[in-house]
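A short write-up of the structure that comes next.
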Amino acid sequence: MAESGTRDIVQALYDAYVRRDFNSFGALLHDDIDWIIYGPMTVFPFAGLRRGRPAVLQALAGMALSYSLDSYIPDFVIVEGDRAAIMADLSLTQYATGRIMRFRVANFLRFEDGRVIEFREFADSFDVVEQALGRVVDL
Amino acid sequence: MRPANTAANSDGARAVVLEIQDAFRKGDYARIAARYHDDIDWLFHGPTSVFPQVGRRHGEVAVFKALAALNELYRFERYETDHLIAEGDCAAGIADVTLVQQASGRTIQCRIANFQRVKDGLVVEYRGFIDSFDAVEQVIGHELNV
């Protein structure tokens with residue numbers, strides 16, 4: 001796929017996510033998507049491996065039950081062929097406590113037939129857990 | 001990290017990342033440092049309470065010291081990059097990494113995401129990400145009580 005096509009899909013995907021437009025977002029996910037958010041499922045049940053569009057949308061719906069997305073700003077994007085790598089600043093509010101969480105994420109995406117077939121998300125998950133719990137994690 | 005200069009040739013960024021990967025694989029820290037710019041801005045996102053070597057470092061000397069300290073505690077067994085993407089003067093990849101903790105002999109397996117910007121054949125910006133919660137549990141050898 002040409003870089004310009006991939007970049008356009010990346011833009012459309014993140015725009016849809018920020019708008020919480022899950023219909024448009026879901027339409028950009030491949031049926032057979034392989035999706036991982038790296039982090040502890042004990043604290044973030046929506047993290048971990050998901051296969052297939054319904055499973056991904058279900059995980060995102062689970063996230064939306066506990067957190068509101070305040071901002072998601074991809075400020076670094078590189079694209080090569082059918083792949084893209086992104087860094088973004090993310091801000092969430094935890095509904096239960098009103099606690100605001102801010103952290104940086106790294107996303108790696110691969111596209112097939114104009115849709116995301118592979119997604120990997122990294123963050124400093126130890127820090128994100130401490131923000132979610134509102135306390136230092138005892139070692 | 002500044003946006004990529006897409007007018008630059010991505011071959012340079014790719015070649016530097018692959019060379020650093022090869023040096024990591026061989027534990028050749030001097031060769032890694034030789035590929036870092038004097039004024040490198042280096043940031044590895046992770047808890048410094050468990051990994052004092054992470055966090056932010058400015059300059060080749062500070063980065064080399066952090067890597068040398070890492071090498072005192074851990075031995076790299078495997079460092080294989082996949083998902084390597086290069087555009088302009090930047091490259092990003094995900095590496096499958098296996099480390100052995102020297103003190104305990106414990107094997108630690110993780111995926112490290114990295115972003116690098118290259119100038120004059122040297123890395124001038126670096127950002128690293130890891131599932132740090134999982135890495136901490138592996139390093140301390142037990143599950144965290146949350």
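Descriptive notes on the structure:
- For first residues located in the range A:47-60 and of a type in the set (A, V, I, L, M, F, W, C), partners that are at pLDDT below 95 and in a helix (DSSP H, G or I) and lie 6+ apart or on another chain with Cβ distances below 8 Å form the pairs A:LEU57/A:PHE22; A:LEU60/A:PHE22.
- The range A:97-118 residues that are surrounded by 19 or more Cβ atoms within 10 Å (Cβ to Cβ), paired with ones that are among the small types (Gly, Ala, Ser) (beta carbon under 6 Å, 6 or more apart): A:VAL105/A:ALA88; A:VAL105/A:ALA123; A:ALA106/B:ALA113; A:PHE108/A:ALA85; A:LEU109/A:ALA84
- Residues in the range A:119-131 that are at the interface with chain B (Cβ under 9 Å from one of its Cβ atoms), in contact (Cβ under 8 Å) with a residue 12 or more places away in the chain and in a helix (DSSP H, G or I): 4 in all.
- Residue selected from the range B:107-146 under the condition of a type in the set (Gly, Ala, Ser) and surrounded by fewer than 17 Cβ atoms within 10 Å (Cβ to Cβ), by the criterion farthest from the chain's Cα centre (by Cα): B:GLY141
- Top-ranked residue of the range A:1-41 - restricted to ones that are surrounded by 13 or more Cβ atoms within 10 Å (Cβ to Cβ) and closer than 30 Å to A:ARG135 by Cβ, ranked as nearest to the chain's Cα centre (by Cα): A:ILE37
- Hits in the range B:63-86 - residues which are small (Gly, Ala, Ser) and within 14 Å of the chain's Cα centre (by Cα): B:ALA66, B:ALA68, B:ALA69
The values are calculated or read from the model by the stated rules, or taken from the named source; none is laboratory data. Quick caveat: nothing in here was measured; it's all calculated off a predicted structure. Neighbour counts run over all protein chains shown; Cβ positions are idealised from the backbone, glycine included.
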